[in-house]
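Student: One structure coming up, written as structure tokens, with questions to follow.
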Amino acid sequence: MPAQPIRVAVVNDYELVVAGLAAMLAPFREQVVLVEADSGLPVVGDVDVVLFDTFARGEGGRGLEGLVASGTARIVVFSWHTDPGVVDRALREGAGGYLHKALGAHEIVAALEKVCDGEVVRPDARLAMTDPDLDRASGAWPGQREGLSPREGEILAYITQGLSNQEIAESTYLSINSVKTYIRTAYRKIGVTRRSQAVAWGMTNGFVPDRSRVRLAD
């Protein structure tokens with residue numbers, strides 16, 4: 001464990017996701033201190049690590065160059081999307097680590113410590129096929145209170161953003177038939193039958209990306 005806690009910023013386009021990840025890490029404040037929580041904005045604080053949750057952001061390596069406004073913080077991607085090609089792309093683009101979302105909070109903290117020690121962390125190959133609906137879910141996600149699974153919430157977020165079924169399949173590494181199945185189950189849970197209704201529901205229930213920053217420590 002480092003002499004001083006690792007200064008961490010958590011980043012995602014959804015405030016709920018950022019808050020959920022921050023809550024997960026809060027009990028480990030002797031090892032990590034949460035400095036900043038950003039939704040849709042680049043990190044501006046002096047931090048050691050930017051933990052980037054890719055919920056509904058497509059490929060894990062996309063947009064890494066815009067996460068930090070200045071400084072030398074290491075970027076660690078936190079995602080369900082752990083296809084080796086996506087992981088390799090993120091590492092090539094400057095990520096210092098790539099974590100699977102099936103990890104528990106203590107495992108995340110241990111990985112952040114390794115990254116700060118200069119180790120490049122990759123997701124465990126045994127977790128690569130983990131379905132977020134069949135395993136523990138890390139943090140929080142839009143639609144959780146309404147009973148949507150992590151995958152259903154992510155797919156509904158893509159629908160709210162205007163993606164087609166094919167685009168969703170490409171972003172989530174699911175078959176088109178699997179995407180359609182998740183859409184049907186999500187629609188049933190939120191009480192809609194058409195895409196236009198799902199978009200309207202998503203826009204009024206936290207599925208529109210937001211922009212906010214909370215400074216948690218100096």
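Student: With respect to A125, is the statement that it is among the small types (G, A, S), open to solvent by 40 Å² or more (accessible area, probe 1.4 Å), modelled with pLDDT under 90 and over 13 Å from the mean Cα position of the chain (by Cα) true? Can you show your working first?
Tutor: Values: among the small types (G, A, S): yes; open to solvent by 40 Å² or more (accessible area, probe 1.4 Å): yes; modelled with pLDDT under 90: yes; over 13 Å from the mean Cα position of the chain (by Cα): yes.
Yes, satisfied.
Student: Please work out which residue is nearest to D48 (Cα to Cα), limiting yourself to the stretch 175-218 and to residues that are of a type in the set (G, A, S) and exposed (fewer than 15 other Cβ atoms within 10 Å of the Cβ). Before you say what the answer is, go through the steps one by one.
Tutor: Narrowing the stretch 175-218 to residues of a type in the set (G, A, S): 175, 178, 186, 191, 196, 198, 200, 202, 206, 212, 217.
Checking which are exposed (fewer than 15 other Cβ atoms within 10 Å of the Cβ) leaves us with 175, 191, 196, 200, 212, 217.
Details: S175: 38, G191: 44, S196: 42, A200: 39, S212: 20, A217: 13 Å.
Per the criteria, the residue is A217.
Student: Among the residues of the stretch 188-215, write down those that are basic (K, R) and either over 14 Å from E15 (Cβ atoms) or assigned to a helix (DSSP H, G or I) (or both). It would help to see each step written out before you state the result.
Tutor: In the first step, residues of the stretch 188-215 are kept if they are basic (K, R); the result is 188-189, 194-195, 211, 213, 215.
Passing the criteria: R188, K189, R194, R195, R215.
Student: Looking only at the stretch 26-37, decide whether some residue is out of contact with any His (no Cβ under 7 Å at 6 or more places or on another chain), touching a residue at least 12 places away in the same chain (Cβ under 8 Å), crowded, with 24+ Cβ neighbours inside 10 Å and charged (D, E, K, R).
Tutor: Checked the stretch 26-37: no residue is out of contact with any His (no Cβ under 7 Å at 6 or more places or on another chain), touching a residue at least 12 places away in the same chain (Cβ under 8 Å), crowded, with 24+ Cβ neighbours inside 10 Å and charged (D, E, K, R).
Student: Mind listing whichever residues of the stretch 137-162 are farther than 17 Å from V192 by Cβ, in contact with an Asp or Glu (Cβ under 9 Å, 6 or more places away or on another chain) and assigned to a loop (DSSP other than H, G, I, E, B)?
Tutor: S138, G139, W141
Student: Output the residues belonging to the stretch 67-81 that are at pLDDT 70 or above and either of a type in the set (A, V, I, L, M, F, W, C) or open to solvent by 30 Å² or more (accessible area, probe 1.4 Å) (or both).
Tutor: Step one: filter the stretch 67-81 for residues at pLDDT 70 or above, giving 67-68, 72-81.
Selection gives L67, V68, T72, A73, R74, I75, V76, V77, F78, W80.
Student: Let me ask something else. Please name all residue pairs, on different chains or six or more residues apart, with Cβ atoms under 7 Å, provided the first residue is in the stretch 3-17 and is farther than 17 Å from I75 by Cα and touching a residue at least 24 places away in the same chain (Cβ under 8 Å) and the second residue is of a type in the set (D, E, K, R) and open to solvent by 10 Å² or more (accessible area, probe 1.4 Å).
Tutor: Y14/D210; E15/D210
The values are calculated or read from the model by the stated rules, or taken from the named source; none is laboratory data. Predicted model, so just to flag it, every value in this text is computed and none were measured. All Cβ positions, glycine included, derive from the backbone under ideal geometry; neighbour counts span all protein chains shown. SASA here: full protein model, heavy atoms, side chains in, ligands and nucleic acids out. Shrake-Rupley method; radii C 1.70, N 1.55, O 1.52, S 1.80 Å.
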